[in-house]
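J.: Pasting a structure here, questions to come.
The values are calculated or read from the model by the stated rules, or taken from the named source; none is laboratory data. Fair warning: this is a prediction, and the values are worked out from it, not measured in the lab. Quick reminder, even Gly has a Cβ in these numbers, built from the backbone with ideal geometry, and neighbours come from all protein chains shown. With ligands, DNA and RNA removed, areas are computed over all heavy atoms of the protein, side chains included. Shrake-Rupley method; radii C 1.70, N 1.55, O 1.52, S 1.80 Å.
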Amino acid sequence: IKLKEWRKKMQTNYSMFCKYCCVLLIVFVRGLEVFEGEFIGREAHFEFGEALGKRFADKVRQRVNGLPNETSIPLAWKERHEKRFPNYIAELRGIASGSQVAYEKILALNFDEELAILSLTEEHCSDGVLPKLGVLVHNEDGAESDKNATFLVNVRIGKSRFYAYTYAGELCSGAFAWTPILAYTLNYVQPLILNPESGYGRSFVSRAILDAESLSEAISLAMKTPMIAGHNYQIIHIAHTYSFFNIETAASISHITNLNEHAFFFHANEYDSLNVTQTVSESSLHRTVRAVAQVGPHIENKTDLLQLLSDTDDIDGSGSLPLFRSTTLATVCFDLPNNLVSIFENGPASTTHPIFSTNLFSSSSSSS
């Protein structure tokens, strides 16, 4: 972090000082740790990663301890990603250096879904969208080893600026994030067509979207970058006017849906529009039926949508495979008409107080 520049800004910009103190207060009172910083220069990406690694070393080690004992990244994958995404490799090397965790282990965290794709893992994350009302709510589900191992990043790196809900040891963001141009949420999917020979990991693509200088660049990155496996993106254009898009990818194919004509849209962990063979978990099927058939027809506003993503019931009344789970780490609500993003824990319907809330970036500083 450029401390001299930071101190100068703190001395000359009182409003920035107040904002900084407010973030510290939120961290202390509400429990969501927030990392803030500005990184410039040739080593900015490594320094950013190293700062994250030092700050959250215990969380990184916690997540690494949840990896299988024998984890090896194919050499071809390493070389391919180093060539196309050198800045993000630098961030991972920085995380390894800062946390004093082996670089191979950090790589394994960032390829965890690709490495596990051949054996069905518990699928996670759900999205509910009311496009005409400008609201999206996302449940970020994790594993037991992910509890207390996430944080919010608010940084400027070179020309890029973003907020990202981040898993310790991983690139920003495998969950949800927003920039002055767009916001996105992500869902795991499991296609049966794979592309390990020339594809890329979903962590690297979602990180690249945070550096996109326009909506069209972000969509192109999501749709045209070949994947080792696949991914699902909900992308919101927050600059000037807001639009909602659902993108599904698998290996070298993709599909985009403009959601603006939908009254209500829901996505869990199965392909909705892309015609591809896939494995779908019982949990994803239950969440989709519960959301679309049982609750969806009654959703009319933001409050209803928050209630849906807080739902702990199941299609059979057992509560065994609900939308909101014991391993749901956080729920984010993007409320575009009110220029507001709020992050909740323990279910947004259970409390009126988010653990973090802020205005979205001003559209005057963004690109179309």
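J.: May I ask you to verify whether Val27 is at pLDDT 90 or above, of a type in the set (Val, Ile, Thr) and closer than 28 Å to Glu345 by Cα?
T.: no
J.: Condition first: farther than 16 Å from Gly128 by Cβ and among the acidic types (Asp, Glu). Now tell me which residues in the range 310-345 satisfy that.
T.: Scanning the range 310-345 gives Asp314, Asp316, Glu345.
J.: Among the residues of the range 215-229, write down those that are out of contact with any strand residue (DSSP E or B) (no Cβ under 9 Å at 6 or more places or on another chain) and open to solvent by less than 40 Å² (accessible area, probe 1.4 Å).
T.: Residue satisfying the conditions is Leu221 alone.
J.: Can you go through Leu321, Leu329 and tell me which one is closer than 15 Å to Asp141 by Cα and surrounded by fewer than 21 Cβ atoms within 10 Å (Cβ to Cβ)?
T.: The unique qualifying residue is Leu321.
J.: On to the next question. May I ask you to list the residues in the range 154-172 that are within 21 Å of Asn346 (Cα to Cα) and assigned to a loop (DSSP other than H, G, I, E, B)?
T.: Within the range 154-172, Ala168 is the sole residue that qualifies.
J.: Which ones in the range 95-115 are under 30 Å from Leu192 (Cβ atoms), open to solvent by 20 Å² or more (accessible area, probe 1.4 Å) and not basic (Lys, Arg)?
T.: Glu104, Asp112, Glu113, Leu115
J.: Give the number of residues within the range 266-301 that are in a helix (DSSP H, G or I), in contact with a helix residue (DSSP H, G or I) (Cβ under 9 Å, 6 or more places away or on another chain) and surrounded by 18 or more Cβ atoms within 10 Å (Cβ to Cβ).
T.: Total satisfying the criteria: 4.
J.: Just for the range 154-169: of the residues that are under 11 Å from the mean Cα position of the chain (by Cα) and of a type outside the set (Phe, Trp, Tyr), which one is farthest from Thr327 (Cα to Cα)?
T.: Residue satisfying both the conditions and the ranking: Ala164.
J.: Sticking with this one: Go through the range 230-265 residue by residue and tally those that are surrounded by fewer than 24 Cβ atoms within 10 Å (Cβ to Cβ), more than 21 Å from Leu360 (Cβ to Cβ) and not acidic (Asp, Glu).
T.: Qualifying residue count, the range 230-265: 10.
J.: Could I ask something else about it? If I ask for residues that are assigned to a strand (DSSP E or B) and touching a helix residue (DSSP H, G or I) at 6+ places or on another chain (Cβ under 7 Å), which ones from the range 229-258 would you list?
T.: Matches in the range 229-258: His231, Tyr233, Ile235, His237, Ser243, Phe244, Phe245, Asn246, Ile247, Thr249, Ser254, Ile256.
J.: Could you check the range 203-213 and list, in sequence order, the residues that are open to solvent by 20 Å² or more (accessible area, probe 1.4 Å) and of a type in the set (Ser, Thr, Tyr)?
T.: Once the filter is applied, which keeps residues that are open to solvent by 20 Å² or more (accessible area, probe 1.4 Å) and of a type in the set (Ser, Thr, Tyr), the range 203-213 yields nothing.
J.: Within the range 347-368, which residues are surrounded by fewer than 18 Cβ atoms within 10 Å (Cβ to Cβ), modelled with pLDDT under 90 and either assigned to a helix (DSSP H, G or I) or of a type outside the set (Val, Ile, Thr) (or both)?
T.: Ser350, His353, Ser362, Ser363, Ser364, Ser365, Ser367, Ser368
J.: Here's another thing I want to ask about it. Restricting attention to the range 198-226, which residues are small (Gly, Ala, Ser), part of a loop (DSSP other than H, G, I, E, B) and either within 15 Å of the chain's Cα centre (by Cα) or under 17 Å from Ile238 (Cα atoms) (or both)?
T.: Gly201, Ala212, Ser214
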